[in-house]
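Reading through the structure tokens given below for one structure.
The values are calculated or read from the model by the stated rules, or taken from the named source; none is laboratory data. Because the structure is a prediction, the values reported are computed rather than measured. Cβ atoms come from the backbone with ideal geometry, glycine included; neighbour counts cover every protein chain shown. These accessible areas exclude ligands, DNA and RNA; they are computed on the full protein's heavy atoms, side chains included. Shrake-Rupley method; radii C 1.70, N 1.55, O 1.52, S 1.80 Å.
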Amino acid sequence: AKFRAKNIGFVFQQFHLVPYLSVRDNILVPTLTGESDAELERAEALLDQLQLTNRADHPPAQLSTGERQRTALARALLNKPQLLLADEPTGNLDRKNADIVLGHLRQFADGGGAVLLVTHDSHAAEKANRTIQIEDGRLVE
């Protein structure tokens, strides 16, 4: 669990945000044992990078779908993981918000992180360095 918490970030299609926490506190969920000043600064930087600063004190119910997914992405990035696992991260998004999320995933990958993205969206798949396709339960190269 410690390895996973430190090295792997998760981005889910359904966000899995805590409904009674603010955007800021949802981003800080990985630090539930007590956040440091550096983690608080990192959360603020992610709020800014993902254009969520003006929504930081709002609960998820008051966010658009794109804002919810960007909050989930910020939460996944907080601990600076080596690997991001993204399950249909653009599945509920319009093209504009999908491009924002995909851009941040690309930035993470270009910065040395690894992204494993599962998608049915050909637009999202086009952004990958490598794609592996599965059809009828069989791996297709």
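Observations, loosely collected:
- Measuring only protein heavy atoms, the 1.4 Å probe finds Val115 accessible over about 50 Å².
- Value of D in µm² per second that Stokes-Einstein yields for the chain, Kirkwood Rh from Cα pairs, at 4 °C (1.567 mPa s): 84 µm²/s
- The stretch 74-141-the stretch 5-22 distance, computed between alpha-carbon centres (Å): 15 Å
- Percent RCO, i.e. relative contact order, over the stretch 1-74, from Cα pairs under 8 Å lying at least 6 residues apart: 45 percent
- Treating r as the C-beta distance of Ile134 and Ser36 and R0 as 41 Å, the FRET efficiency rounds to 0.50.
- Protein heavy-atom accessible surface, 1.4 Å probe, per residue over the chain: 61 Å².
- Within the shell defined by Cβ-Cβ distances under 12 Å, the residues around Leu83 carry a net charge of +3, with Lys and Arg each +1 and Asp and Glu each -1.
- Positive-end residue, the stretch 1-66 charge dipole about Cα centroid, Cβ charges, pick of Phe3, Leu47, Gln62: Phe3
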